[in-house]
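To start, the structure itself, in C-alpha cells.
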Amino acid sequence: EALQRIVSNLANKNGEIHNFIDMLNHTIKNVQVNSSNAISELDEEFDGLYSLLDEMKGSMASTIQQEEARKVQALQ
C-alpha cells in the first residue's frame, strides 16, 4: 500500500512536470513571437524615421544651396 502510494505520488509529480514543461514551451514560443513582432515594428519605425530624416536632409540642403546662391548673387 505504501509502495502504491509512492508510485501514485510519482505519477502525479510526473504529470505536473510534463504540464510545467508544456507551459514553459508555450511561454518560449510566445517570447519568440513577441520578440519577432517587436523587431518587425522596430524595423518599420526605423525605416519611417530614416525616410523622414532623408527628406529633411534634402530640404535643408536645398535651403542652404538657395541661401548660398542668393548671397553669392548679392555679393556679385
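The values are calculated or read from the model by the stated rules, or taken from the named source; none is laboratory data. Please read all numbers here as calculations on a predicted model, not as lab measurements. No Cβ is skipped: glycine too gets one built from the backbone with ideal geometry, and neighbour counts run over all protein chains shown. Side chains included, ligands, DNA and RNA excluded: accessible areas come from the protein's heavy atoms. Shrake-Rupley method; radii C 1.70, N 1.55, O 1.52, S 1.80 Å.
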**Study point:** Separation between Cα centres of segment 1-26 and segment 56-76, rounded to whole Å
**Key:** 77 Å
Revision key, fill the gap. Mean shadow area (nm²) of the C-alpha convex hull around segment 1-75 is 6.3 nm²
Review point. Quick one: accessible area per residue over the chain, 1.4 Å probe, rounded to a whole number of Å²?
Key: 95 Å²
Practice item. Have a look at Asn25, Asn37, Asn12 and tell me which one the Gaussian network model of the chain (Cα, springs below 10 Å) gives the largest fluctuation. Key: Asn12
Check your understanding: Given only helices, namely DSSP H runs of n ≥ 4 each adding -39500 (n - 2.57), what is the per-residue ellipticity at 222 nm of the chain, to the nearest 500 deg cm²/dmol?
Key -> -37000 deg cm²/dmol
Revision key, fill the gap. Rounded to the nearest 10, the angle in degrees between the Cα long axis of helix 2-75 and the longest principal axis of the Cα atoms of the chain comes to 0 degrees
Review point. When the accessible area of the chain is split by element with a 1.4 Å probe, what percent falls to carbon and sulfur?
Key: 59 percent
Check your understanding: segment 1-43: which GluC sites (Glu not before Pro) are DSSP loop and have at most 12 other beta-carbon atoms within 10 angstrom?
Key -> Glu1
